[in-house]
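As structure tokens, the structure follows; a few thoughts come after it.
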Amino acid sequence: MAKKVAMTGNSACAEAMRQINPDVVAAYPITPQTAIVEDFSGFVASGKVSTEFVCVESEHSAMSACIGAAASGARVMTTTSSQGLALMWEMLYIAASLRLPIVMHNVNRTLSAPINIHCDHSDSMGARDAGWIHIFSENAQEAYDNTIQAIRIAEDPAVCLPVMVLLDGFIISHAIDRLEILEDSQVKDFVGEIKPPYSLLNGKEPITVGPFDGLHGYYFEFKKIENEALASAKNTVLDVAKEYERVSGRSYGLFETYRLDDAEVGIIILGSTAGTAKTVVDELRNEGKKAGLLKLRLFRPFPAEELAKALSHLKAVAVLDRSCSFGAQGGPVFLEVRAALYGGEHIPVAGYVYGLGGRDVSQNQIRKAYSDLFEIAKTGKAKDSLSYLGIRE
């Protein structure tokens, strides 16, 4: 039976890790992720898990240790943020290319400089092409649920790819929230035992991991297969979500729509700001304005076809990015959404960047985006592909 608790997002992630009881965790502390590692190391010290906890000297070493452990056939987890994710950059590509089902929390925090420890999505967006599955969370409940589902997604034989579970730094990681956690036995039964397709420790069936693959090798073919596996992971995400709903009673998909079915305009958003945006949608509805919302859960692989179908009836769309794509025509999510809509029914798309460096986003800022959308709906044209909400001019 599910138990109602009050805990921070970081503690919820650590609790999910305790219930999963991975074989190996290799991690290095960095704000605002540190509490996950602290809580979990306490579980290790008190004997509540049988995990081999590896203390390393850097995040690069953490992912290196995870790669070695996962290649041996172990169930492996880790956690990081910001500069830590950036430091393990090269190892992210290796983990995905070797098809290793590592699950990692990334507590979203801006990248320096200037030095800033607060939330935006620049860290994980910088790693969006590393071959990892990216699953975003709106609150502590979703961070907990996504962690448990991520194990099954990563280890599915059709996927065998690492998964990044994302939660907003401080806003989710350090705020106490109400959530329901499953019984330990339910989580154990749900994740099951890992069944790796190969292991470096299997002397009877030796394998080569990470060999040189030169000019006349099969590097190109490996990349194609990896990309196809990532694209097909959408089906696994949905299958795992259906099974998890039967266990938890909570429903998940590739994204969540809120009052979108009969809306004229809609906003696409990621993470904790979706809660604020839902309040604005309700206020606008009370004023007789048909506003809607789409909260993206799965960012990689990007659900382009499904998203385009969900937005097809709208007169205008805005995308709110909590990160920049420097030198591009807009933020990372904006670029994906506009590409998804290109070639179909023409829907003008406006892009906004907000909340960089942890700057608060207010309901008035979101109302401004909706106000722009209703004007765009009349004219059929978005004036700018990149605007900023809440910036001091």
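Read-outs throughout are calculated quantities, based only on the coordinates presented, and are distinct from any laboratory measurement. Values in this document were obtained by computation on a predicted structure and should not be read as measured data. When we count neighbours, we look across all protein chains shown, and the Cβ atoms used for this are built from the backbone with ideal geometry, even at glycine.
Please figure out what share of the DSSP beta bridges in region 255-389 is antiparallel and state it in percent, rounded to the nearest 5.
20
Normalised by the number of residues in the chain, what is the relative contact order in percent for Cα pairs under 8 Å and 6+ residues apart?
Answer for the chain is 16 percent.
The long axis of helix 363-379 is offset from the longest Cα principal axis of the chain by roughly 60 degrees.
Under the criterion of Cα pairs below 8 Å and six or more residues apart, the relative contact order for region 255-389 equals 27 percent. Exposure proxy for His118, His134, His174: other Cβ atoms within 10 Å of each Cβ, ordered fewest to most, give His174, His118, His134. Each residue of region 328-340 is assigned a 3J(HN,Hα), and the resulting list reads 8, 7, x, x, x, 6, 4, 4, 5, 5, 5, 5, 5 Hz, derived from the Karplus form 6.51 cos²θ - 1.76 cosθ + 1.60 (θ = phi - 60°), x at Gly and Pro. Compute the distance from the alpha-carbon center of region 346-393 to that of region 215-286, in whole Å. Between the Cα centres of region 346-393 and region 215-286 lies a distance of 22 Å. With only the Cα atoms considered, the chain has a convex hull volume of 150 Å³ per residue. Straight-line cross-link partners of Lys290 among the lysines, defined as a Cα under 29 Å from its Cα and at least 8 positions apart when in the same chain: Lys278, Lys309, Lys315, Lys368, Lys378, Lys381, Lys383. Is region 106-163 rounded, prolate or oblate when judged by the Cα gyration tensor, a ≥ b ≥ c being the square roots of its eigenvalues, rounded requiring a/c under 1.5 and prolate requiring a/b larger than b/c? Oblate. Give me the percent of DSSP beta bridges within the chain that run antiparallel, rounded to the nearest 5. Close to 25 percent. Exposure proxy ranking for Ser124, Ser362, based on other Cβ atoms within 10 angstrom of each Cβ and starting from the fewest, stands as Ser362, Ser124.
State whether region 255-389 is rounded, prolate or oblate according to the following rule on the C-alpha gyration tensor (a ≥ b ≥ c being the square roots of its eigenvalues): a/c under 1.5 gives rounded; otherwise a/b larger than b/c gives prolate, and the remaining case gives oblate. Please report the intermediate quantities before stating the final value.
Working: a/c = 1.26, a/b = 1.04, b/c = 1.21.
Verdict is rounded for region 255-389.
Taking Cα atoms only, the orientation of helix 59-71 departs from the longest principal axis of the chain by about 60 degrees. In terms of its C-alpha gyration tensor, region 23-140 has an oblate overall shape, because the principal axis ratio a/c (a ≥ b ≥ c, square roots of the eigenvalues) is not below 1.5 and a/b does not outweigh b/c.
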